[in-house]
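The structure under discussion appears below in the form of structure tokens.
The values are calculated or read from the model by the stated rules, or taken from the named source; none is laboratory data. Small disclaimer: the values here were computed from a predicted structure and weren't measured. Here the Cβ is made from the backbone with ideal geometry for all residues, glycine too, and neighbour counts use every protein chain on show. Only protein heavy atoms, including side chains, enter the accessible area calculation; ligands, DNA and RNA are left aside. Shrake-Rupley method; radii C 1.70, N 1.55, O 1.52, S 1.80 Å.
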Amino acid sequence: MDDSTPTSERSSPALGSNPLLDSRDLRMPRIADPCVLVMFGITGDLARHKLLPAIYDLANRGLLSPSFSLVGVGRRSWSDDELRAYVEQAVRAGARTSWHQAIWDQLAAGMRFVEFSSFEDDDAYSRLTDVVVGLDATRGTSGNRAFYLSIPPGWFPAVTQRIAASGLVDESPGSWRRVIIEKPFGHDRASAARLDTLVSRIVRPDDVFRVDHYLGKETVQNILALRFANTMFEPLWNQRYVDHIQITMAEDIGIGTRAGYYDTIGSARDVIQNHLLQLLALTAMEEPTAMTAPAVRAEKEKVLASVRLERHGVLDLDTTTARGRYDAGFQGGVPVKGYLEEDGVAADSRTETFAAIRLEIANRRWAGVPFYLRAGKRLTRRVTEVAVVFKRPPFLPFDDAATAGVGANTIVLRIQPDEGITLRLASKVPGSHIELRDVSMDFGYGGTFNEESPEAYERLILDALLGDAPLFPHQREVDLSWRILDPVIERWAASGAPDGYRPGSWGPESAHQLLARDGRTWRRS
Ligand code: BG6
């Protein structure tokens with residue numbers, strides 16, 4: 001232990017044996033190996049709002065080793081204590097679990113900051129190496145290292161090349177080296193492949209953990225539980241009974257201060273390429289042989305490879321996709337700027353803040369069943385859901401008047417907020433005559449389980465430190481998702497500016513027409 005190590009580290013109990021903690025966490029009982037997590041981009045929004053609070057929550061739940069150490073890399077001239085103060089602020093503002101001083105002291109003792117004048121600063125990589133090697137010696141982190149690259153993809157060549165040259169990722173028997181990367185995984189198929197080549201130069205493919213935070217959400221993992229741990233849904237989960245599927249990711253917020261990122265990306269690349277296509281894959285895939293990374297990925301890949309943009313065999317992206325951009329207006333009674341007036345958005349921007357796509361899946365299970373995906377900012381409200389809409393009964397032995405208020409049976413997987421599952425079905429209205437109406441049967445996580453769900457990033461950071469890969473998309477999935485999206489984005493690039501839509505609405509008129517062409521409507525519209 002070096003002299004700079006705060007006394008708290010020497011006196012506090014091991015995190016795993018802290019009496020303040022529940023000693024058994026049945027959902028996540030595995031504790032990560034002693035290791036150093038090097039975080040590039042620690043001063044960014046994602047780290048502040050999500051990653052740092054998640055690390056504290058994991059420590060607080062006894063899931064990190066007492067030796068766990070965090071090295072922040074950034075362009076500030078910070079001392080280790082200044083990093084600790086910054087992390088403490090982020091944790092106090094964003095952690096899910098309560099504050100325990102002993103846990104914090106233990107965690108803070110393992111924090112170091114390395115100043116980089118830029119990501120091309122060769123000397124800084126030498127200093128980083130010294131710090132990491134020093135932590136191995138003083139905190140027993142055993143040479144286990146994870147590099148979290150929460151940085152714009154443009155910096156990947158410089159950073160990966162220098163990490164490799166520094167020797168930090170050289171293989172060493174008995175210890176591991178891993179790289180955790182954040183989306184966007186490129187901006188199209190070709191750039192994603194280039195990015196993958198860069199990362200593969202520094203670690204083996206199995207040691208690359210691509211974060212799609214939707215896969216860390218409990219409700220998303222529950223899709224596979226619902227489908228494959230029950231008997232009653234799977235027999236209906238196919239083209240014989242399902243009319244269509246709607247996958248919605250609606251947000252009521254605008255782009256906030258993220259114009260620098262968002263204006264180069266747009267809605268389709270931001271969330272359809274990853275979150276929505278992953279939701280589609282989990283909803284549509286076949287049963288995996290086991291819940292292992294190779295088995296789950298194999299099924300997701302098969303279904304992504306079967307996705308088609310054609311409508312009944314005809315490719316016409318002008319009728320099967322829609323995009324929009326929010327105008328100025330009011331949201332919840334509050335005046336809001338239009339996208340083009342947001343700070344940092346280019347005056348001639350054509351970036352979409354709403355995207356909708358109709359897809360089909362060319363396999364026996366799903367032939368002819370449209371999957372409608374939509375995502376957007378500044379919509380009516382925040383809701384992410386997968387709605388499986390069933391076909392109407394082939395015959396209804398009731399008067400037309402009695403069934404006038406009956407819609408299609410629907411299973412809604414409520415990803416967020418109000419996490420749970422809803423079944424919409426027809427029921428008799430009480431009374432002496434026959435009248436049927438839709439009713440809901442609800443399962444809500446909140447009311448059923450006493451424990452709050454962990455945040456997605458808790459689960460994903462822990463899994464990456466454990467080397468558990470099932471919740472991380474493979475490069476092949478990334479590639480297949482871009483294969484689906486590239487032609488859409490190319491078509492949009494050639495067809496002018498997106499349609500405007502009113503803040504607080506459900507998107508542009510073209511999105512409604514997209515479903516109307518098929519004789520359907522979006523839920524909630
Ligand atoms: C991110 C997108 O991946 O997901 C953001 O880049 C979006 O634009 C965010 O706001 C939404 O995440 P969540 O977990 O709040 O649905």
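Could you check Gly338 against (1) in contact (Cβ under 8 Å) with a residue 12 or more places away in the chain; (2) more than 25 Å from Glu509 (Cβ to Cβ); (3) more than 16 Å from the ligand (Cβ to nearest atom) and say which number it fails?
Looking at each condition in turn, Gly338 falls short on (2).
Identify, from the list Pro430, Pro487, the residue that is surrounded by fewer than 20 Cβ atoms within 10 Å (Cβ to Cβ), at pLDDT 95 or above and not aliphatic (A, V, I, L, M).
Working: Pro430 fails: at pLDDT 95 or above.
After ruling out the rest, the residue left standing is Pro487.
Would you confirm whether any residue within the stretch 406-419 is within 16 Å of the ligand (Cβ to nearest atom), within 30 Å of Leu224 (Cβ to Cβ) and without any contact (Cβ under 8 Å) to a residue 60 or more places away in the chain? Step through it out loud before you land on a result.
Initially, the stretch 406-419 is screened for residues within 16 Å of the ligand (Cβ to nearest atom), giving 413-419.
If we keep only those that are within 30 Å of Leu224 (Cβ to Cβ) too, we end up with 413-419.
Next, from what is left, pick out any that are without any contact (Cβ under 8 Å) to a residue 60 or more places away in the chain: 417-418.
Yes; the residues of the stretch 406-419 include at least one that is within 16 Å of the ligand (Cβ to nearest atom), within 30 Å of Leu224 (Cβ to Cβ) and without any contact (Cβ under 8 Å) to a residue 60 or more places away in the chain.
Going by what's in this entry, would Val389 be described as open to solvent by less than 20 Å² (accessible area, probe 1.4 Å), in contact with an Asp or Glu (Cβ under 7 Å, 6 or more places away or on another chain) and β-branched (Val, Ile, Thr)?
In short, yes.
The rows are residues; the columns are (1) of a type in the set (A, V, I, L, M); (2) within 16 Å of the ligand (Cβ to nearest atom); (3) over 23 Å from Gln273 (Cα atoms); (4) open to solvent by less than 60 Å² (accessible area, probe 1.4 Å).
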{"position": "Leu317", "(1), (2), (3), (4)": "yes, no, no, yes"}
{"position": "Val334", "(1), (2), (3), (4)": "yes, no, yes, no"}
{"position": "Val345", "(1), (2), (3), (4)": "yes, yes, no, yes"}
{"position": "Leu359", "(1), (2), (3), (4)": "yes, no, no, yes"}
{"position": "Arg381", "(1), (2), (3), (4)": "no, yes, no, no"}
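Can you work out which of the residues in the stretch 459-474 that are surrounded by 19 or more Cβ atoms within 10 Å (Cβ to Cβ), of a type outside the set (Lys, Arg) and assigned to a helix (DSSP H, G or I) is farthest from the chain's Cα centre (by Cα)?
Restricting to residues being surrounded by 19 or more Cβ atoms within 10 Å (Cβ to Cβ), of a type outside the set (Lys, Arg) and assigned to a helix (DSSP H, G or I), the top hit is Leu465.
If a residue has to be under 22 Å from Lys183 (Cα atoms) and open to solvent by 10 Å² or more (accessible area, probe 1.4 Å) to count, how many in the stretch 303-315 make the cut?
The first filter runs over the stretch 303-315 and keeps only residues under 22 Å from Lys183 (Cα atoms), leaving 303-305, 307.
Next, from what is left, pick out any that are open to solvent by 10 Å² or more (accessible area, probe 1.4 Å): 305.
Total satisfying the criteria: 1.
From the list Ala293, Ala284, which one is farther than 18 Å from Ile489 by Cα and surrounded by fewer than 21 Cβ atoms within 10 Å (Cβ to Cβ)?
Ala293
Filter the stretch 256-289 down to residues that are among the polar types (S, T, N, Q) and not in a helix (DSSP H, G or I) and give me whichever is farthest from the ligand (Cβ to nearest atom).
The extreme case among them is Thr289.
For the stretch 351-366, state whether one or more residues are free of Cβ contacts under 8 Å to residues at least 40 places away in the same chain and of a type outside the set (D, E, K, R).
no
Only one of (1) in contact with a Pro (Cβ under 6 Å, 6 or more places away or on another chain); (2) at pLDDT 50 or above is not met by Pro34, so which one is it?
(1)
Mind listing whichever residues of the stretch 206-255 are in a loop (DSSP other than H, G, I, E, B) and either within 16 Å of the ligand (Cβ to nearest atom) or open to solvent by less than 10 Å² (accessible area, probe 1.4 Å) (or both)?
If the condition is that a residue be in a loop (DSSP other than H, G, I, E, B) and either within 16 Å of the ligand (Cβ to nearest atom) or open to solvent by less than 10 Å² (accessible area, probe 1.4 Å) (or both), then Asp212, Lys217, Trp237, Glu251, Asp252, Ile253, Gly254, Ile255 are the ones that fit.
Of (1) open to solvent by 10 Å² or more (accessible area, probe 1.4 Å); (2) in a helix (DSSP H, G or I), Ser118 satisfies all except one. Which?
Of (1) open to solvent by 10 Å² or more (accessible area, probe 1.4 Å); (2) in a helix (DSSP H, G or I), only one is false for Ser118: (2).
Quick check on the stretch 451-460. Is at least one of its residues more than 16 Å from the ligand (Cβ to nearest atom) and under 29 Å from Val91 (Cβ atoms)?
yes
I need the full set of residues from the stretch 185-194 which are in a helix (DSSP H, G or I) and open to solvent by less than 20 Å² (accessible area, probe 1.4 Å), in order please.
Correct list: Ser191, Ala192.
If only one of Gly407, Gly446 is surrounded by fewer than 17 Cβ atoms within 10 Å (Cβ to Cβ) and in a helix (DSSP H, G or I), which one is it?
Working: Gly407 fails: in a helix (DSSP H, G or I).
It is Gly446.
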